[in-house]
1. How big is the dipole moment of the chain about its Cα centre under a simple scheme where the beta carbon of each Lys and Arg is +1, that of each Asp and Glu is -1, and everything else is neutral? Debye, nearest 20, please.
2. Sequence neighbours fewer than 8 away in the same chain don't count; with that in mind, list the lysines whose C-alpha is under 26 Å from Lys6.
3. If every alpha-carbon in the range 7-155 counts as one equal scatterer, what log10 I(q)/I(0) does Debye give at q = 0.10, 0.12, 0.19 1/Å?
4. Lys143: which lysines have alpha carbons under 17 Å from its alpha carbon, excluding same-chain residues fewer than 8 sequence positions away?
5. Considering the chain as a Gaussian network with a 10 Å cut-off on Cα pairs, which listed residue, Val82, Val20, Val32, attains the greatest mean-square fluctuation?
6. Report relative contact order for the range 78-124 in percent, whole number only (criteria: Cα-Cα under 8 Å, sequence separation at least 6).
7. Around Ile106, which amide H atoms from residues at least 5 apart in sequence, or from another chain, sit under 5 Å from its own amide H, with H modelled in the peptide plane?
Amino acid sequence: MYETRKRILVVEDERAIQQVLCFFLEHSGFEVCGAWGGQDAIRIIPEFLPDLIVLDLMMRPVSGWDVLEWLHAQSFSPTIPVLVLSALVNLKHQMNGFEQGAIEYITKPTQPSKIVERVRVLLAMSTEQRLMLQHKRLDEQRKTLERLHAAQSDEFVY
C-alpha cells in the first residue's frame, strides 16, 4: 500500500532559512512547498492543502500574524497545525502566538533537525492532542508571565 507523503508549507521570507528548512524536511520524507511571505502563503494554502505549516511571524507586507488570523477566518485552524518559527522571543509574543492558533512556538536560531523532529511529533498527534498541547503551552506561558510579574512587583516593596 502506497502512503502519501505529508505536505509541509514553509513560510519564511529569509531565503537561506527557507532553503535549509525545505532541504531538511524534503530529505526527511515530506512533500515541501516554500512561501516567501504571508501573501504567498495565503495564495498557496488552498491549492497545496498542507498537513502542517512552519510559519515565520515577522514578514512584510503580510505578516505571520496575518496568516494566523486568515487561517482562523477560513476555518483551516485547528485542522492545519501551525509551528511558529520566529525571532520574537518575548513571552507575550509567544503567548499571543498560541492564542492565535499556533500549536508550537520555536525561537530562532534553532537546529533544522529540531524543526523536523517537532514536525514529526505534531503530525503524529490527533487534532485533540494538538489542541491539548496548545492549551498546555498557553497555560505554561501564562504561569511564567504571572511569576515574572509577581517577582517584579516584590522588588519594589520597601
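1. Around 220 debye, computed over the chain.
2. Lys108, Lys114, Lys136
3. -0.33, -0.47, -1.14
4. Cross-link targets: Lys92.
5. Checking each option, the largest mean-square fluctuation is seen for Val20.
6. Over the range 78-124, the number comes to 42 percent.
7. The answer is Val84, Leu85, Ser86.
Values quoted throughout were computed directly from the atomic coordinates according to the rules given, and no laboratory measurement underlies them. For clarity, every value in this text was computed on a predicted model and none was experimentally measured. Because the Cβ atoms are built from the backbone with ideal geometry, glycine has one as well, and the counts that use them run over all protein chains shown.
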